[in-house]
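> Questions regarding the structure given below will be posed in turn.
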Amino acid sequence: MSPAARFRGLPLRSRLALLVTVAVALAVAAVAAVSWVMVRAQLRDQLDSSLMSTNVSAQVLRTIRDGACVDKPPSQPGQEIAGNLNAVVQIVTADGNHCWVSGTTTLPVTTLDKQIAAGGGRTSALHDATTADGTEMRVYTRTAQAQPGSPVFGISVAKPLADVDKPLSTLAWVLLLVSGIGIVGAGAAGLWVARTGLRPVDELTGAVEHIARTEDLTVRIPDEGDDEIARLSRSFNSMTAALASSQERQAQLIADAGHELRTPLTSLRTNIELLARSEETGRAIPPEDRKELLASVKAQMTELAALIGDLQELSRPDAASPGPLGVVALHEIAGAALSRARLRGPELEFHSDMAPWYVRGEAAALERAVVNVLDNAVKFSPPGSTVVVSLRAGELTVRDHGPGIPADDLPHVFERFWRSPSARALPGSGLGLSIVARTVLRAGGTAELRAPRDGGSGTEAVLRIPGAPNPPPTPPLPPPPGPAQPSVVPDQ
């Protein structure tokens, strides 16, 4: 298994703690390395400054004047310079010879030292060197003269690099120790931060597992604050509330559907049992009664079929469309629905005034919605009355002259299975207006039932659907393909 796969296999809390630890470790390592490099550069600069500021002229001149020039230090050298400055001083000549002045060892003479001693273009230089006993030294060589007009020679002053390396080594160990402590502390802090930060996620996980186990949608998670976890908690609470509401609506729909189905089924069962008993006992039912029973059975079956169709319509998700969407002529749909309404209410008078209006929707669903509105007008209109249908600027109005709907009942007319007390004796399921509201809402409009604006009797049903008085332009069809042209092969 690759390291990346092993990392992804760790729990989220462990991954966060590990990432925090690694990030802090990298930061600490970078700070420690930069600190070490800066301190080293500072110490080297201080060592170079110390070498360049060391005044050994008096000792050198005394050595030259006394003629006490030797190529290596005596067994017990003097401490005038070496003891006080821990430095090595020697005179360098242009031919590569050297004369010990002070210190516990001598320095190798390099080509650079000879060039400076010869009085060339360079008068001083800094470089590293290793003595015969293996000591690393920092050397500063400069041009000098015993007196004006005398030969030029070089003076080399050196100090051990251990003066810099030992503090750097100590600093490296200190930084390593502090970094280790910091990384361990960062790991512990990262684990604590991960546990604290993921506690709301743990609560959310527990709530989800509880809902999956018990189907209890009343669980809520505290959502204090405005951070991402609080937003996630609020979203989860909104989701569970929506699911609970959907579950309640589903249960209510099943209960209401069962209640509505019970009445026609009971009546249908009774009528069929009477017909069956007549066949079993041989006692014929009078022809008029038998005809009435069969008509009742047919009406109840029709009512059941309509109720089942309405339930199927309402059981679809709101986002589901019953058919292909397209631009449809609402005035033509309303005209077709009005023609059907005239057949159902031949004793009524219909007045229509419909201007062209084009909407985007599903033609069959919109026609069913308009038919449901017109059926209500036909059902509640007394014989000989007038039903007025108008369509202006996307507002379809159906006005009847029936008993009207009490003001207290108007807020409930679009609820499923709701029926006013005055309509309970009439055929219907109480789902027609619910389907109307659902269809119009899917088309982007609104539905409303209200008292007539002129103050007369009856009810006005108003459907407002956005659209346009003219259909959108039809894109031109592509030209038909012409006859195939023979290909021409150029002469070679």
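The values are calculated or read from the model by the stated rules, or taken from the named source; none is laboratory data. Only a predicted model underlies this, so the values are computations on that prediction, with no experimental measurement involved. Counting neighbours? That spans all protein chains shown, and the Cβs are built from the backbone with ideal geometry, glycine included. Ligands, DNA and RNA are excluded from the accessible area calculation, which covers all protein heavy atoms including side chains. Shrake-Rupley method; radii C 1.70, N 1.55, O 1.52, S 1.80 Å.
> Can you pull out the residues in segment 341-351 that are surrounded by fewer than 16 Cβ atoms within 10 Å (Cβ to Cβ) and in contact with a helix residue (DSSP H, G or I) (Cβ under 6 Å, 6 or more places away or on another chain)?
Arg344
> Here's another thing I want to ask about it. On the basis of being open to solvent by less than 70 Å² (accessible area, probe 1.4 Å), closer than 18 Å to Ala341 by Cβ, in contact with a helix residue (DSSP H, G or I) (Cβ under 7 Å, 6 or more places away or on another chain) and modelled with pLDDT under 75, does Gly432 make the cut?
Here the answer is yes, as Gly432 does meet what is asked.
> With Leu294, Leu243, Leu274 as the choices, which residue is modelled with pLDDT of 80 or more, open to solvent by 40 Å² or more (accessible area, probe 1.4 Å) and under 30 Å from Ala369 (Cα atoms)?
Leu243
> State yes or no: is Pro167 of a type outside the set (Ser, Thr, Tyr), closer than 26 Å to Gly103 by Cα and open to solvent by 70 Å² or more (accessible area, probe 1.4 Å)?
No, not satisfied.
> If Ala118 meets every condition in (1) open to solvent by 20 Å² or more (accessible area, probe 1.4 Å); (2) over 24 Å from Arg44 (Cα atoms); (3) touching a Gly at 6+ places or on another chain (Cβ under 6 Å) apart from one, which number is that one?
That leaves (3) as the condition not met.
> Let me ask something else about it. Quick one: Ser179 ticks every box in (1) open to solvent by less than 80 Å² (accessible area, probe 1.4 Å); (2) more than 30 Å from Gln42 (Cα to Cα); (3) among the polar types (S, T, N, Q) bar one, so which box is it?
(2)
> Go through the residues of segment 371-392 one by one and say whether even a single one is at pLDDT below 80 and either open to solvent by less than 40 Å² (accessible area, probe 1.4 Å) or touching a Phe, Trp or Tyr at 6+ places or on another chain (Cβ under 8 Å) (or both).
Within segment 371-392, not a single residue is at pLDDT below 80 and either open to solvent by less than 40 Å² (accessible area, probe 1.4 Å) or touching a Phe, Trp or Tyr at 6+ places or on another chain (Cβ under 8 Å) (or both).
> Restricting attention to segment 211-228, which residues are open to solvent by 40 Å² or more (accessible area, probe 1.4 Å) and within 19 Å of Glu248 (Cβ to Cβ)?
Hits for segment 211-228 are Thr214, Glu215, Asp216, Thr218, Arg220.
> Would you point out the residue of segment 195-210, among those that are more than 20 Å from the chain's Cα centre (by Cα) and among the small types (Gly, Ala, Ser), that is least open to solvent (accessible area, probe 1.4 Å)?
Looking at residues that are more than 20 Å from the chain's Cα centre (by Cα) and among the small types (Gly, Ala, Ser), I get Ala207.
> Only residues in segment 12-24 that are within 13 Å of Val184 (Cβ to Cβ) count as the first member; pair them with residues that are open to solvent by 70 Å² or more (accessible area, probe 1.4 Å), Cβ under 9 angstrom, at least 6 apart or cross-chain, and list the lot.
The qualifying pairs are Ala17/Trp192; Ala17/Val193; Ala17/Arg195; Val20/Val193; Thr21/Val184.
Yes/no per residue for (1) part of a helix (DSSP H, G or I); (2) touching a helix residue (DSSP H, G or I) at 6+ places or on another chain (Cβ under 7 Å); (3) modelled with pLDDT of 90 or more:
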site	(1), (2), (3)
Ala132	no, no, no
Thr143	no, yes, no
Gln147	no, no, no
Gly154	no, yes, no
Asp165	yes, no, no
Leu171	yes, yes, no
